[in-house]
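All remarks here apply to the structure that follows.
The values are calculated or read from the model by the stated rules, or taken from the named source; none is laboratory data. From a predicted model like this one, the values you see are computed outputs, not experimental measurements. Glycine also receives a Cβ, built like all others from the backbone with ideal geometry; neighbour counts cover every protein chain displayed.
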Amino acid sequence: MNPTTEAKAPSGHLPTLIACFMHFDLSFTLWVLLGALGVFVAEDAGLSATQKGWLVAMPILSGSLARIPVGLLSDHLGGKRVGVALLCFLFLPLALGWQVGESFSSLVAVGLLLGVGGASFAVVLPLASRWYPPHRQGLVMGIAAAGNSGTILTNLFAPKLALLFGWHKVFGLAMLPLALVLLAFLILAKDSPDRARRPAAGGLLDHLKKGDVWWFCLFYSITFGGYVGLSSFLPLFFRDQYGVSQVTAGSLTALAALLGSTSRPLGGYLADKVGGVRLLLVLLVAVGMTYECATRLPSLNAMVLLLLVAMTCLGMGNGAVFQVVPLRFPREIGGVTGIIGAVGGLGGFMLPTLLATIRARMGSFSGGFLILGLISLGAALILRVLLWMRAQWAGLAHTTT
C-alpha cells in the first residue's frame with residue numbers, strides 16, 4: 001500500500017463497532033440457546049446421553065459451515081447487507097422452536113436453522129476491522145467479537161424463563177431482542193470506504209490454497225471451538241456429573257462464559273503489545289494443562305475453578321488469533337475469517353459430541369478431557385515448530401504496537 005492510500009485509510013467508526021458488537025452478541029445468544037435449554041429439552045424429549053451431545057452440537061455445526069459463504073458474501077456485497085439478511089433469517093428458527101413438537105428430528109431441524117446465527121462472526125469482524133488501522137486490530141477485533149458474551153445472557157436467563165413460561169415460549173420471547181438489534185444495526189452500521197479500495201482477493205479455493213489459513217484454523221478450532229463447545233455443553237455436564245439444578249447449571253455456565261467473553265478483548269490488547277503468536281503459544285499450553293487436570297473430575301468447586309481458568313485462557317486465545325489474522329491476510333479478511341471461523345466452530349461441534357460419546361461408552365467424562373488436553377498441547381508444539389522454521393511466523397510473533 002502506498003503512502004497516499006495509507007493516509008486516506010479510515011481510522012475508526014464507533015457506531016459501526018457498537019453495531020457489530022450488538023449483532024454478534026444477539027446472534028451468539030441465539031446460537032447457543034438450544035444448549036442453554038438443553039436440560040429442559042432433553043428431559044421432556046427423553047433423549048439419550050449421545051442424543052444430548054448431538055442436539056446441542058447441531059447449531060454449532062450449521063453456524064460453522066455457514067461462516068464460509070457468509071464471509072465471502074461479506075467481502076463481495078458488504079457487511080451491512082449480509083448482516084441485515086442474517087438477522088432477518090433468524091426469525092424463522094425462533095418461530096419454529098416456539099411452535100414445533102419435541103421429537104428429536106424436529107429439534108435437530110430447529111438447531112440447524114438456529115445455528116446460522118453463528119455466521120455473524122464472519123460479518124461483524126470484517127465489517128469492524130476495515131474501519132481501523134493495523135496497530136488497533138487486536139483490541140478492535142476483541143471488542144467486536146466480545147459479542148460472544150451472548151452465552152452469558154442465554155445461560156443466565158433462558159433456564160429461568162423456561163421455568164416460568166416453558167422452554168418453547170423462550171424461543172418466542174427471543175424475537176423481541178432480535179427485532180431491536182435488527183433496527184439498531186440498520187441505523188448504526190456502515191461499510192468502510194476502504195472496502196471499495198481494497199476489493200476481495202480471490203475466492204474460496206484461492207483462500208484454501210494458503211497453508212497459513214489451515215494453521216489458523218487449527219488454533220482457532222481449539223480456542224474458539226473450546227469456548228463455544230463448553231458454553232453449549234456445560235449445562236448438561238454440570239447436571240449429569242454433579243446433579244445440580246437446571247438453574248444452577250445455567251448460572252455456572254454463565255459465569256464461565258463471562259470470563260471467556262471478557263477475556264477476549266484482553267487477549268487482543270495483550271497481543272497488540274507482546275505479539276499474538278507468542279501470547280497464543282503460552283495460552284495453548286495453559287489450556288492443555290487445565291484440561292489434563294480436569295480428567296480427575298474433582299469436586300464441583302474444584303472443577304468450576306478449572307473450567308473458569310480454561311475459559312479465560314480460551315477467550316484470550318481467541319483475541320490473540322484474530323490479532324494476527326488481519327495482519328497476515330489484510331485484503332482477504334472476510335473470506336479468510338469465514339474459513340477460520342468455520343473450522344473453529346467445527347471444533348466447538350466436536351467438543352460436546354466427543355464428551356457425550358466418551359461418557360456414553362466409558363461411563364465417565366475423563367477420557368474426553370484427556371483427549372482435549374493432548375490436542376491443545378500438540379497444537380502448542382506445532383506453533384513452536386512454525387516459529388522455528390518459518391520466518392513469516394517469527395515476524396508475526398514480533399508484530400506489536
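Where residues in segment 388-401 are under 15 Å from residue 219 (Cβ atoms) and surrounded by 16 or more Cβ atoms within 10 Å (Cβ to Cβ), which of them is modelled with the highest pLDDT?
Only one residue fits best here, namely 393.
Taking helices (runs of 4 or more DSSP H) that do not extend beyond segment 42-135, which have at least 3 residues that are surrounded by fewer than 24 Cβ atoms within 10 Å (Cβ to Cβ) and touching a residue at least 12 places away in the same chain (Cβ under 8 Å)?
Ranges flagged: 49-77, 79-89, 91-99, 104-114.
Scan segment 341-365 residue by residue and report those that are exposed (fewer than 15 other Cβ atoms within 10 Å of the Cβ), assigned to a helix (DSSP H, G or I) and in contact (Cβ under 8 Å) with a residue 24 or more places away in the chain.
Matches in segment 341-365: 360 only.
Would it be correct to say that residue 251 is of a type outside the set (A, V, I, L, M, F, W, C), under 30 Å from residue 167 (Cβ atoms), surrounded by fewer than 19 Cβ atoms within 10 Å (Cβ to Cβ) and free of Cβ contacts under 8 Å to residues at least 24 places away in the same chain?
The answer is no for residue 251.
Could you tell me which of the residues 282, 277, 287, 213 is without any contact (Cβ under 8 Å) to a residue 24 or more places away in the chain and under 22 Å from the mean Cα position of the chain (by Cα)?
Only one candidate passes the filter, namely 282.
Exactly one of (1) touching a Phe, Trp or Tyr at 6+ places or on another chain (Cβ under 7 Å); (2) aliphatic (A, V, I, L, M); (3) at pLDDT below 90 is unmet by residue 258. Its number?
(1)
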